[in-house]
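Please read the structure below before turning to the comments.
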Amino acid sequence: MGHISIVYGMIKLNDVKSFHKTILDMKPDENYPWIRTEMFNTKSIESPYYYENPITTFGTTYKNLSGGNDWSEFILKFEYLLDKIDFDYARIRFETEFLGDFEFFWGRKTGKSPEFYKKDDLIEQDKWFFGYGFRHMYGDLICKNTPDVPFDFKYPIEFDIDAKNSFNEIIPELNKIQINTKEYFDNQARILKNDGSNLILTYLKLNEVIEYGWEFKKGFFLKRLKEIKKINTPYNAV
């Protein structure tokens, strides 16, 4: 048994072609919490059935997704997707059975001064402004109450220090794995120091450095696609 979590949202697109290419190029995501092609509504962006800017909607349900490291992994995956498309703004609503409901907002930077989405209560990143709470299309909070934040979630996303240090120590060993060959680990604790280690693996997979997963009767595996370098932050290019 477990509890259900619901995640859904929308992205207002500036360029349909970049979105289509990104969705079509997505590889099947088998690592929880997954973000997959079939989550996205692509029919709503067909011309002429929208005004000025099309939107795409998306959504799915998860088991036991509540916050913390799992939600950090989801947000990291979602932001890697946003980074590949030309969008105006995006919203996500995250509903849980017992821990509350949460909203998230991304307003893309234009590179022009003044920035449209620059607000005192939005967190500035390299390519967008991020904020909590339900906001209208201009980025302002609809309700002025302090927005709720999922349990043990922080933004910008950071690696767990112990997990990061432990992983960096075993990089020389991991780099001995032959390229494009699965290495199975009887003791997965060598890789997964704690729950925060999954965020590191997600980051490396998104950057096409590794693939990883679990196989029946074989256990945890890691496949190295190229040299693994010392990690520092989820926002560094590899």
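The values are calculated or read from the model by the stated rules, or taken from the named source; none is laboratory data. Given the structure is predicted, the values throughout are model-derived calculations rather than measurements. Backbone-built Cβ (ideal geometry, glycine too); neighbour counts: all protein chains shown.
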Open item on the list: Restricting to the stretch 42-86, name every residue that is part of a helix (DSSP H, G or I), of a type in the set (D, E, K, R) and more than 15 Å from the chain's Cα centre (by Cα).
Closed with: Lys43
TODO: Return the residue satisfying two criteria in turn: it lies in the stretch 119-156 and is outside the structural domain of Ile92 (by TED's automatic domain parsing) and among the aliphatic types (A, V, I, L, M), and of such residues it is farthest from the chain's Cα centre (by Cα).
DONE: Ile142
TODO: Among the residues of the stretch 16-37, write down those that are aromatic (Phe, Trp, Tyr) and under 17 Å from Lys84 (Cα atoms).
DONE: Phe19
Task: Count of the stretch 104-152 residues which are in a loop (DSSP other than H, G, I, E, B) and surrounded by 15 or more Cβ atoms within 10 Å (Cβ to Cβ) - done: 14
TODO: Report, by residue number, each residue of the stretch 92-102 that is surrounded by fewer than 20 Cβ atoms within 10 Å (Cβ to Cβ) and outside any loop (DSSP other than H, G, I, E, B).
DONE: Ile92, Arg93, Glu95, Asp101
TODO: Among the residues of the stretch 10-27, write down those that are part of a loop (DSSP other than H, G, I, E, B) and either of a type in the set (A, V, I, L, M) or at pLDDT 95 or above (or both).
DONE: Asn14, Met26
Open item on the list: From the list Lys182, Lys226, Lys164, exactly one residue is out of contact with any helix residue (DSSP H, G or I) (no Cβ under 6 Å at 6 or more places or on another chain), crowded, with 17+ Cβ neighbours inside 10 Å and modelled with pLDDT of 95 or more. Which is it?
Closed with: Lys164
